[in-house]
Structure formats: structure tokens, C-alpha cells
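Note sheet for the following structure.
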């Protein structure tokens, strides 16, 4: 069983986009997490998300950046406020009961996180990643989301922060 959720919050260079994958450690999520953590690529360094040094998130969460790290500022925005926001969002989802009790010790999560290389406001990056992660967790556990009706409505207005088709 793998649960998948998506969350987008904020605007401009400090916006956050999260793809959150959740599931039991003893299934495909465990294998995927170990593979991801042991397979860094240039500019993509998977790491364990923590609330602070020596205080890991539950469920164990691996952070994977979706953007190649390009500058010292981009690295700091990714490893600092974006990582802290993901840690907050996952932990809040667990403590609020969005995630089931067994998620605490028996599940694992992988957060694929977009941090814009032009991000310039650490507090906004933190807040947006916190909100986007929590939203992604809610959506991952929401049965039937999105509905067929929501999909049909969205199909009529496809857009994202980088492109809106001409109609």
C-alpha cells in the first residue's frame, strides 16, 4: 500500500510544491526509501527530515529536492526552512490524527520538495512547505480525492505556476 498526496502553497519564488509518498516500512515504500537515500545524484541529496538535530520526524521522512541545488542560498533555503517546514507538516499531520496511529512507527514517508533557486524569504519558504506538506498528507489519506467531478472541472482550467494553455 502506497498513499500519495500533493500540496502547493504560496506564490512566486517562495512557493512550495510537495509530492508526499507514504506507506508501511515493510512494503514498497521501505525499498523505495532505502534506494532513494542511497542514490544521491548531482545536486540532489536525499536526507532524513528532523525537527531539530537528534530529533527525527515520525514517521521517518526522507526529503528529496526536486530542483538541482545551484547556489549557497538555494542550498540553505532547501536544507533550512524547506526541510523544517516539511518536518513540521509531517509531525503536525501525525499529531492531529491525519495520519493513522500505525504511521508513527510502522510507516515511512518520502517528500519530493520543490524549492525555487530564486527563493528569498526563509520564513515564507518555511510556512509554505509546512502548509503544503500538511495538505499533501491530508490528500494522501483522503479516500476518493480528487473526485471525478473535481477532475472534470480542473480539466477545463488546466494551469500551473509555469504555464497556462491558451484557450
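The values are calculated or read from the model by the stated rules, or taken from the named source; none is laboratory data. Model, not experiment: these values are computed from the prediction. Every residue, glycine among them, receives a Cβ derived from its backbone with ideal geometry; neighbour counts consider all protein chains shown.
Below is a table of values for the structure above.
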| item | result |
| --- | --- |
| Hits in the stretch 137-167 - residues which are farther than 28 Å from residue 23 by Cα and in a helix (DSSP H, G or I) | 152, 153, 155 |
| Residue 117 within 23 Å of residue 28 (Cβ to Cβ) and either in a loop (DSSP other than H, G, I, E, B) or touching a strand residue (DSSP E or B) at 6+ places or on another chain (Cβ under 6 Å) (or both) | no |
| Residue match in the stretch 25-38 (condition: surrounded by fewer than 17 Cβ atoms within 10 Å (Cβ to Cβ) and under 13 Å from residue 114 (Cβ atoms)) | no |
| Test for residue 131: is it at negative phi and more than 15 Å from the chain's Cα centre (by Cα) | no |
| Some residue of the stretch 13-22 being on the phi < 0 side of the Ramachandran plot and at pLDDT below 95 | no |
| Number of the condition not met by residue 134 [criteria: (1) assigned to a helix (DSSP H, G or I); (2) within 20 Å of residue 11 (Cα to Cα); (3) free of Cβ contacts under 8 Å to residues at least 60 places away in the same chain] | (3) |
| Test: residue 40 is farther than 23 Å from residue 141 by Cβ and in contact (Cβ under 8 Å) with a residue 60 or more places away in the chain | no |
| Selected residue (only one of 90, 57, 115 is surrounded by 22 or more Cβ atoms within 10 Å (Cβ to Cβ), within 25 Å of residue 162 (Cβ to Cβ) and in contact with a helix residue (DSSP H, G or I) (Cβ under 8 Å, 6 or more places away or on another chain)) | 115 |
